[in-house]
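A.B. asks: My structure is below; once you've seen it, I'll send some questions.
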Amino acid sequence: MSAKTKPYQGEAILIVDDDPVMLKSLEQAIKKAGYTTLTATTLTECLELAGSDDVGLILLDVVLPEGSSVESLPEVLQSNPALKVIMVTASSSIDQAVEAMKKGAYDYLTKPIDFDVLLIAIEHALDMVRADKEIARLRDNLKGRYRFENIIGESPAMLNLFDGIERVLNNPVTILLQAESGTGKELVAKAIHYNGNRSGAAFIAVNCAAIPPSLIESELFGHEKGAFTGAVARHPGKFEQANEGTIFLDEVGEMPLESQARFLRVLQERELVRVGGRENVKINVRVIAATNKLLNDLVEEKRFREDLYYRLSVFPLKIPPLRERRTDIPLLTAHFLEQYKRDFEFKGDIGVSPDAMNRLVHYTWPGNVRELENVLQRALLLTDDGHISVGHLPLELEPSLGAGMAVGEGGVLVADPVQGGLRPFDEIEKDVLVRALEVTQGNITSAATQLGLGRTTLYRKMKKYGLDQPI
């Protein structure tokens, strides 16, 4: 690092040495290079200062008044996860250096100190501090992005899903997600990974349907150099890349039969052999498989191995399609609109009219949550003021509102879809009357009978809400 380079926050260098001459010499040289320094002369002082967020690196003398600092190195490192320690000693003992590195030291320098070598070691160590902090920041962001709160739903089907996720969160058993396309299979898989005890390791997602059959074994299990034309070097597969973490195999039903036997062995033995290799590679991976097809049907059709099916379905979880959780649509709508308000930088309020929400709730959603998200995004872009009405929705949503829909099938919203909480009763009552008149095509007698009202009462309520003329 040049003298002009400013250190980052949390990169102060703590120099620990009981020799005042050496301490002063190191401090002057490091300050001249542009770093912030702190000093200590005992291990006790070192432990007090090491836990500070301002300290990124420690230059730690091996011999201190309390004895060898090598023995206390784990305690020093435990005080700050991002901390790096460079040991400094007058001894050139290889055994001592090895012991220090085993206990977590980043580097080991001997006296007399070559200051050029020291500054290079400092720069490299602080590069690692920055990298570790950035990885931790990104990991925290991922945890936030895939919190359970981001899987929206209060319907019985979703509550059942949440219960299943909680039960299997820290259990290494294989999970089979059964869901249609667009329901959020990968979101659920990431929520399991990033909220469980493997969150510190890799999450590797693989779409089995997107890999050519001839390449899937190489992609999943890796290959050795020369295993086939074009294999110019050893390549670790997705399972090795996910070691200690989670591998998510989407559309697992598309895996070729000839590859399923090899996959089964990986699940059973927790080891693999790379394509073209002989060495058994041990792995520790949580497997989450997903399918939009019924695997037992594929088993009957001889397109999927029965033994593999039972291995995968140790803990099956069903993600319900949107048409089976219509009561969640207002919640999802509010969630997406709040997200788009930030993304599109809308300044005022945004929302959905009751008529438009009614269409959203009663549409069948073959594309599930992904389709709802796309429809809302497009509708919001078509508005001038952020308020979505029926005219902003695609025409394909209209047929789902058949003229014969009976009042009571969920056509009237009690809760405000965007602001939350209950809507005023007058608004709800007006919506009920509008729906009743739509269903009965303006037949007052029929509407009054189905609502359990007298004709006079219905006329009076219609007048109250400006519905004097049949709709």
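Nothing in this text is a laboratory measurement; each read-out follows from the coordinates by a stated rule. Keep in mind that what you see is a predicted model, and the values were worked out from it rather than measured. So basically every Cβ, Gly included, is an ideal-geometry build from the backbone, and we count neighbours across all protein chains shown.
A.B. asks: Run through all the Cα pairs of the range 65-132 and give the fraction in each 5 Å bin from 0, expressed as whole percent.
C.D. replies: 3, 16, 26, 25, 20, 9, 1
A.B. asks: How far is the Cα center of the range 305-372 from the Cα center of the range 240-256, in Å?
C.D. replies: 25
A.B. asks: Something else about it: Measure nothing but the geometry: give the 0 to 90° angle between the long axis through the Cα atoms of 185-194 and the longest principal axis through the Cα atoms of the chain, rounded to 10°.
C.D. replies: Helix 185-194 sits roughly 40 degrees off the main axis of the chain.
A.B. asks: Which of the lysines could a cross-linker bridge to Lys464, judged by Cα under 30 Å and excluding same-chain residues fewer than eight apart?
C.D. replies: Straight-line reach from Lys464, under 30 Å: Lys430.
A.B. asks: How large is ³J(HN,Hα), in whole Hz, for each residue of the range 444-453 in order, when computed from phi with the Karplus curve 6.51 cos²θ - 1.76 cosθ + 1.60 and θ = phi - 60°, using x for Gly and Pro?
C.D. replies: Calculated HN-Hα couplings, in order: 4, 4, 5, 4, 5, 4, 5, 8, x, 10 Hz.
A.B. asks: Follow-up. Between Ala131 and Val432, what's the calculated FRET efficiency when r is the beta-carbon distance and R0 is 51 Å? Round to 0.05.
C.D. replies: In this case the efficiency is close to 0.25.
A.B. asks: Calculate I(q)/I(0) for the range 1-120 by the Debye formula, one identical point scatterer on each C-alpha and no solvent, and give its log10 at q = 0.16, 0.18 Å⁻¹ to two decimals.
C.D. replies: With one equal scatterer per Cα and no solvent, log10 I(q)/I(0) is -0.70, -0.90.
A.B. asks: Run the dipole for the chain about the Cα centre, Lys and Arg Cβ at +1, Asp and Glu Cβ at -1, nothing else charged, and hand back the magnitude in debye, nearest 20.
C.D. replies: Working: 53 positive and 67 negative charges, 253 e Å.
Roughly 1220 debye for the chain.
A.B. asks: How are the C-alpha pair distances of the range 150-320 spread across 10 Å bins, as whole percents from the shortest bin up?
C.D. replies: Whole-percent P(r) values from 0 Å outward: 10, 39, 35, 14, 2, 0.
A.B. asks: Follow-up. Report the dimensions of the range 270-318 along its three principal axes from the alpha-carbon atoms, largest first, rounded to Å.
C.D. replies: On the principal axes, the range 270-318 reaches 36, 23, 16 Å in Cα extent.
A.B. asks: What nm distance separates the two modelled labels at Ala202 and Lys102, each placed 7 Å from Cα along Cα→Cβ?
C.D. replies: Distance between the two pseudo-spin positions: 2.9 nm.
A.B. asks: Just round it to a whole percent: the fraction of Cα-Cα distances in the range 226-380 exceeding 20 Å.
C.D. replies: 65
A.B. asks: What residues qualify as long-range amide H neighbours of Val85, i.e. H under 5 Å apart, gap of 5 or more or another chain, H built at 1.01 Å from N?
C.D. replies: Ile58, Tyr106, Asp107
A.B. asks: Relative to the longest principal Cα axis of the chain, at what angle does helix 257-269 sit, 0 to 90 degrees, rounded to 10?
C.D. replies: Compared with the principal axis, the helix lies near 60 degrees.
A.B. asks: Further question on the same structure: In terms of Cα to Cα distance under 26 Å, which lysines are near enough to Lys238, apart from those fewer than 8 places away along the same chain?
C.D. replies: Within the straight-line cut-off, Lys238 pairs with Lys133, Lys143, Lys185, Lys190, Lys225, Lys282, Lys293, Lys318.
A.B. asks: Also, I was wondering about something else. Want the number for Arg167 to Val314: 0.36 nm per residue separation, take away the alpha-carbon distance, what's left? Don't jump to the answer; show the numbers that get you there.
C.D. replies: Working: separation 147, 0.36 × 147 = 52.92 nm, distance 1.29 nm.
Computed gain between Arg167 and Val314 is 51.6 nm.
A.B. asks: So how much slack lies between Glu66 and Ala233, counting 0.36 nm per residue of separation and subtracting their Cα-Cα distance, in nm?
C.D. replies: Once the chain is fully extended between Glu66 and Ala233, it gains 55.0 nm.
A.B. asks: How far, in degrees from 0 to 90, does helix 455-464 lean away from the longest principal axis of the Cα atoms of the chain, to the nearest 10?
C.D. replies: Helix 455-464 sits roughly 50 degrees off the main axis of the chain.
A.B. asks: At a 10 angstrom cut-off on C-beta neighbours, averaged per residue, how do the peptides 97-106, 159-168, 317-326 rank from highest to lowest?
C.D. replies: Top to bottom by mean Cβ count within 10 Å: 317-326, 97-106, 159-168.
A.B. asks: Using alpha carbon centroids, what distance separates the range 100-134 and the range 182-209, in Å?
C.D. replies: Each part's Cα centre sits 35 Å from the other's.
A.B. asks: Now for a separate question. Based on DSSP H runs of at least 4 residues, each adding -39500 (n - 2.57), what is the mean residue ellipticity at 222 nm of the chain after dividing by all its residues, to the nearest 500 deg cm²/dmol?
C.D. replies: -13000 deg cm²/dmol
A.B. asks: For q = 0.13, 0.25, 0.27 Å⁻¹, what log10 I(q)/I(0) does the range 243-305 give under the Debye formula with an equal point scatterer on each alpha carbon and no solvent?
C.D. replies: Log10 of I(q)/I(0), two decimals: -0.40, -1.15, -1.23.
A.B. asks: To continue, here is another question. Figure the gain on full extension for Lys31 and Ser446 (residue separation times 0.36 nm, minus the Cα-Cα span) and round it to one decimal in nm.
C.D. replies: My answer for the length gained is 140.5 nm.
A.B. asks: Using only the alpha carbons, work out the radius of gyration and Dmax of the chain in angstrom.
C.D. replies: Answer for the chain, Rg first and Dmax second: 32.0, 104 Å.
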